[in-house]
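Beneath this line is the structure, given in structure tokens, with notes to follow.
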Amino acid sequence: MTTSTQPSPAPHTQPTDGPTPPGISAQQLTVDPGASFVVFLIGMRVNRWWMLPAIWVVVAAMTRMMAELARRPESGLLSHEFYAGRTTLTVQYWRSLDDLQRYAHAKERQHVPAWQQWIQRTGLDGAIGIWHETYLIGPGQHESIYHHMPEFGLSRALPRVPAVGPLRTARGRLEVGAA
């Protein structure tokens with residue numbers, strides 16, 4: 001039986017096919033594990049495809065709300081990502097629960113009128129289901145790693161930092177954040 005004393009190269013040190021594309025970091029990065037933020041998941045589910053006008057009402061309203069929030073960074077929305085399918089998902093990162101609720105209840109902003117219009121026009125007929133979930137995240141309650149990735153998810157919302165030293169492992173990132 002023959003054994004090799006040569007260690008195999010680690011996956012992150014294997015050669016690449018060329019230079020790293022623009023916007024992609026070859027460095028392992030994470031975000032500040034001591035940060036606090038809110039994750040808000042919101043979406044809809046199409047229950048009746050033939051009710052296309054009802055679907056467009058919701059899509060148009062969400063598009064207006066996201067555009068409004070993008071124009072107003074003081075609103076507290078840090079970043080968002082959108083995923084489409086029969087059930088849609090928008091992942092939003094907020095600075096605080098107060099910021100999220102302030103926007104949700106502000107009658108002069110897009111959300112309240114859009115919600116009222118949805119209830120009046122389509123909300124009670126079941127053609128579209130809507131849903132949301134809210135998560136309050138504190139220091140030491142999150143960890144992340146980004147390698148060969150553009151800014152994505154939480155790393156679009158919070159500054160990225162090198163994942164070195166204790167930040168190199170998931171356990172280390174959680175322990176540093178909790179300290």
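Read the figures in this text as sums done on the coordinates, not as results from a lab. Everything numeric in this text was worked out from a predicted model, so none of it was measured. Note: ideal-geometry Cβ built from the backbone for every residue, glycine included; neighbour counts use all protein chains shown.
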For the chain, what number results from the quotient of the Cα radius of gyration and 2.2 N^0.38 Å? 1.34
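For residue 126, what charge total do you get from the other residues with a beta carbon under 12 Å from its beta carbon, if Lys and Arg give +1 and Asp and Glu give -1? Each step should come with its number before you reach the end.
Working: positive: 45, 48; negative: 125.
Neighbourhood net charge equals +1.
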Mean-position separation - Cα centroids, the stretch 59-105 and the stretch 30-50, in angstrom: 9
For the stretch 37-137, max minus min Cα coordinate along each principal axis, in Å, sorted largest first? 38, 26, 20
Rounded to 10°, Cα long-axis angle of helix 111-121 versus longest principal axis of the chain: 50
The chain: angle of helix 52-71 to the longest principal axis, Cα-based, in degrees nearest 10: 60
